[in-house]
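Written below as structure tokens is the structure these notes are about.
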Amino acid sequence: MKNQLLLVALVLCQFLVAQTGTIKGIVLDKQSEVPLMGATIELLDQAIDAGVVTNEDGRFTITDVPTGRQKVRVSYIGYESLTLPNIEVTTGKDVALTIMLLESFNQLDEIVVTTNTNKDRANNKLATVSARQFGVEEVTRFSGGRSDVGRLAANFAGVSSPDDSRNDIVVRGNSPTGLLWRVEGIPVPNPNHFSTVGTTGGPVSAVNPNTLKNSDFLTSAFASEYGNALGGVFDLGIRKGNVDDHEFSGQVGIFTGIEANAEGPLGKKDGSFLVAARYSLIGLIGAGAGGTAATPNYSDLTYNIDFGRGNLGRISLFGMLGNSDIDFLGDSIDEGDLFAAEDEDTFVKSGFGVLGIKHQLPIGDNSYLRTIVATSYSSNEFTANRYFDLDTPEERRILFTESEDSESRLSFSTLFNSKLSNKATLRFGALIENFNVELATRDRNEQPDNDGDGDPDLFTFLSVDENFALLQPYIQTQIRLTEKLTFDAGIHSQYSSLNEQFVIEPRAALNFQLAPNHKVNFGYGLHHQNVPFPLLFLNEEVNGSLVQTNRNLDFVRSNHYVLGYDVKLGNDWRGKIEVYNQEIDNAAVESSSSSYSSLTEGANFGFSNDKVSLVNTGTGFNRGIEFTLEKFFSNNYYGLLTGSFFESKYEGSDGVERNSPFNNGYVINALAGREFPFGNQKNKTIFVDSRISFAGGRYFTPVDLPASQQVGFEVLQDDLAFSQQYDGYFRWDFKIGLKINSRNKKQSHRFYVDLQNVTANENVFVQRFNRLTNQVDQVNQIGFFPDFGYKFQF
């Protein structure tokens, strides 16, 4: 009987033991990134406030932290202190923080306490306008997001992505081709599965959000270190692994697939490793998803190996690798398929990768030199076999389209950063990229039958094996003119060996703190970007020979102007308004009068293959106003309301001002979520999240039906380019889930069900000519679609 009572007592003790986790991290000087020894980190809102002090490496660890949402305050004599709310502590994984403190303007000993969450500020301290940071929790929290960083950005003001099939990002009316992707400071090709060369989006992201540290998203007037982009910048960083303990996690989801992660310490000098791998779940079970009955197969691998401190500085190896393939067989394709046709068998393969080595060397007490060498690639293979006289005795199949494209880069980046004083920071560096582009495309579409075999000829549109270099040196500085006024200025330059063009781009930003809760900012930037490769190297038949008549096109040029106002409405609330104007010239247009402009590319999966002998005389503009009202996560709930109202126009060589295909006019997103902790120790949480999106329909060029019926393929009314608009877009997503922290082990569980497009609203995908019915059909986007996920951390 005594043994039984003892057993009952032990079980009861397990239920009464408070569930705890660990918060750890490093505290750095924001200007120099030098570790701060002796900084104080306090755990707030507890019965007894706990605190620790950073060691000589700037590191700290707080153990026995109750699970749930916690708040810490970080302070250091002579620095502005920082309060970080909404830190989610679980039993399954340690929380790792990188905290940047700013030295006080007047170098006083007293502490200036701020409670800003800093989510509205970029990690890059010199990116001070039209920029914000995001973390892994945001990527995985929002309903309808599919754990995709691209779809996360669609919730931010100034971003439009009303497309259920792809995560293309339209920033302030710019084509998705104007977006720059960076990984660990290196520009990379399109990091998506099923991508095509020259594009920046895809159906499924190859970026694993569980491997990301807090990263930046920029929409205008970028800082001087960013180049070769017109529309926006995704600046991603891969986090380091746990430097103290080994941790593991497993995950499964419809779109994210089956995932396994491992991380832990490496060596005895503060080193670590992180490895994560994913494989398509729907590929394993043989199901279709995302608007097609075909089965997509995809996998990716991400790693970051940090060798820790050394006499030669800190060295790390990082990488992302992804592969994907899908077969669309005509006899199993539905007429409403978003990607395929019933009279074609198409086969698609794609690959993406970046492998790099990163070295950071401290120089003196206030400076560092960061050098990165990396190689990256993107590849795509597309083959289409078309059936003629389908379902008749004369049925036959021929090779209709064959494309094999690849882009590889060898990149070298070096950056020197120096804290000149508590009021001034200097940064300069250079990026050198060597491109190898191999493009081979043969297609029968819209071709004559010159050889008389009864079929359109197979014309070689692209046959390229080209090497060239892009050099981008830059310099920038940030000066705190007064305690309330900060000035950023710099120069970015760009040189291409392909056409020997060299440009200089001034950049500037001014931030003024009107009052403790009110701030205004102004930014300007001149930006250039090369014309996408599939246009640049197109073949034109001249005197019986194939000539690349676009290869000497100049960079497209854009002037960005932005004026913003930020207001802090409370400890956890903020509002923001930005007005912007972007003037574009040097766009590629046809030499004869037409409605075409390179600014319209990116509206479809591929590029025009008949736009040759282009000239740089096209213009365009993007203008608008954006609103953000944000309630950062606290008191178990959050909210985000964003609105963008804009105009996007362009002129082709005919001089007529037209809507661009990205001129939705408005985009409104409303998101909200709440958590409901329960259990004796509040170690379980039910969470709900909802998202509602409205957007104006995209403009499109109507089909010339009689002409299409006569020739058997789609003919557009180019004189009416982008004169008609699809109906507006509406979608409501709802997510519900459960989080469980283990009572006596370092384990946690997370389940969710994400109901996407709850109302099954029929949003228009495209109106296109159906060559089988000789009619114009409307194809709608994905209807109601349930997603689910489970994650186990230990």
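The values are calculated or read from the model by the stated rules, or taken from the named source; none is laboratory data. Here the structure is a predicted model, which means the values were calculated and not measured. Ideal geometry is used to build each Cβ from the backbone, glycine not excepted, and the neighbour counts take in all protein chains shown.
Here are some notes:
- The single condition among (1) among the hydroxyl-bearing types (Ser, Thr, Tyr); (2) at pLDDT 95 or above; (3) farther than 30 Å from GLY330 by Cα that THR701 does not satisfy is (3).
- Residue match in segment 658-681 (condition: within 29 Å of ALA587 (Cβ to Cβ), surrounded by fewer than 16 Cβ atoms within 10 Å (Cβ to Cβ) and out of contact with any helix residue (DSSP H, G or I) (no Cβ under 7 Å at 6 or more places or on another chain)): yes
So that you can scan it fast, the table gives a plain yes or no per residue for (1) closer than 30 Å to PHE248 by Cβ; (2) among the basic types (Lys, Arg); (3) modelled with pLDDT under 95; (4) part of a loop (DSSP other than H, G, I, E, B):
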position	(1), (2), (3), (4)
ILE740	yes, no, yes, no
LYS746	yes, yes, yes, yes
GLU762	no, no, yes, yes
GLN767	no, no, yes, no
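- For segment 367-410, filtered to residues that are in contact with an Asp or Glu (Cβ under 8 Å, 6 or more places away or on another chain) and part of a loop (DSSP other than H, G, I, E, B), the residue that is nearest to ASP29 (Cα to Cα) is LEU390.
- Of the residues making up segment 365-385, at least one is within 30 Å of GLU483 (Cβ to Cβ), of a type outside the set (Gly, Ala, Ser) and either in contact with a Pro (Cβ under 6 Å, 6 or more places away or on another chain) or surrounded by fewer than 17 Cβ atoms within 10 Å (Cβ to Cβ) (or both).
- The numbered conditions (1) acidic (Asp, Glu); (2) under 30 Å from GLU344 (Cα atoms); (3) within 27 Å of the chain's Cα centre (by Cα) are all true for ASP777 except (3).
- In segment 537-574, residue nearest to THR619 (Cα to Cα) [restricted to those that are touching a residue at least 12 places away in the same chain (Cβ under 8 Å) and of a type in the set (A, V, I, L, M)]: VAL556
- Of the criteria (1) at pLDDT 90 or above; (2) under 30 Å from ASP365 (Cα atoms), which one THR91 fails: (2)
- Of the residues making up segment 35-54, none is modelled with pLDDT of 90 or more, surrounded by fewer than 19 Cβ atoms within 10 Å (Cβ to Cβ) and under 23 Å from ASN680 (Cβ atoms).
- The residues in segment 709-727 that are modelled with pLDDT under 95 and among the small types (Gly, Ala, Ser) can be counted, and the count is 1.
- The residue list GLY308, GLY336, GLY319 contains one member that is farther than 19 Å from ILE282 by Cα, crowded, with 17+ Cβ neighbours inside 10 Å and either more than 28 Å from the chain's Cα centre (by Cα) or of a type in the set (D, E, K, R) (or both), which is GLY308.
- Restricting the search to strands (runs of 3 or more DSSP E) fully inside segment 192-267 and requiring at least 3 residues that are within 24 Å of LEU431 (Cβ to Cβ) and assigned by TED's automatic domain parsing to the domain that holds ILE305 gives 215-218, 232-236.
- Considering only residues in segment 78-95 that are touching a Gly at 6+ places or on another chain (Cβ under 8 Å) and surrounded by fewer than 20 Cβ atoms within 10 Å (Cβ to Cβ), the one that is nearest to VAL27 (Cα to Cα) turns out to be VAL95.
- Hey, VAL139 part of a helix (DSSP H, G or I), under 26 Å from ARG698 (Cβ atoms) and at pLDDT below 90 or not: yes
- Checking each residue in segment 283-308 for being under 19 Å from PHE788 (Cα atoms) and among the aromatic types (Phe, Trp, Tyr) picks out only TYR298.
Table: residues versus (1) under 25 Å from PRO189 (Cα atoms); (2) assigned to a loop (DSSP other than H, G, I, E, B); (3) touching a Cys at 6+ places or on another chain (Cβ under 6 Å); (4) free of Cβ contacts under 8 Å to residues at least 40 places away in the same chain.
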site: GLY288; (1), (2), (3), (4): no, yes, no, yes
site: TYR298; (1), (2), (3), (4): yes, no, no, no
site: GLY308; (1), (2), (3), (4): no, yes, no, no
site: ASN311; (1), (2), (3), (4): no, yes, no, yes
site: PHE318; (1), (2), (3), (4): yes, no, no, no
site: GLY336; (1), (2), (3), (4): no, yes, no, no
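- Candidate set from segment 430-446 (those that are outside any strand (DSSP E or B) and surrounded by 15 or more Cβ atoms within 10 Å (Cβ to Cβ)); member that is farthest from the chain's Cα centre (by Cα): ARG444
- Here the strands (runs of 3 or more DSSP E) wholly within segment 465-554 that include at least 1 residues being surrounded by 20 or more Cβ atoms within 10 Å (Cβ to Cβ) and among the aliphatic types (A, V, I, L, M) are 501-515.
- Residue ID - surrounded by the most Cβ atoms within 10 Å (Cβ to Cβ), chosen from residues in segment 568-605 that are modelled with pLDDT under 95 and either aliphatic (A, V, I, L, M) or within 14 Å of SER660 (Cα to Cα) (or both): GLY602
- Per-region count, segment 555-594, residues assigned to a strand (DSSP E or B) and in contact with a His (Cβ under 6 Å, 6 or more places away or on another chain): 4
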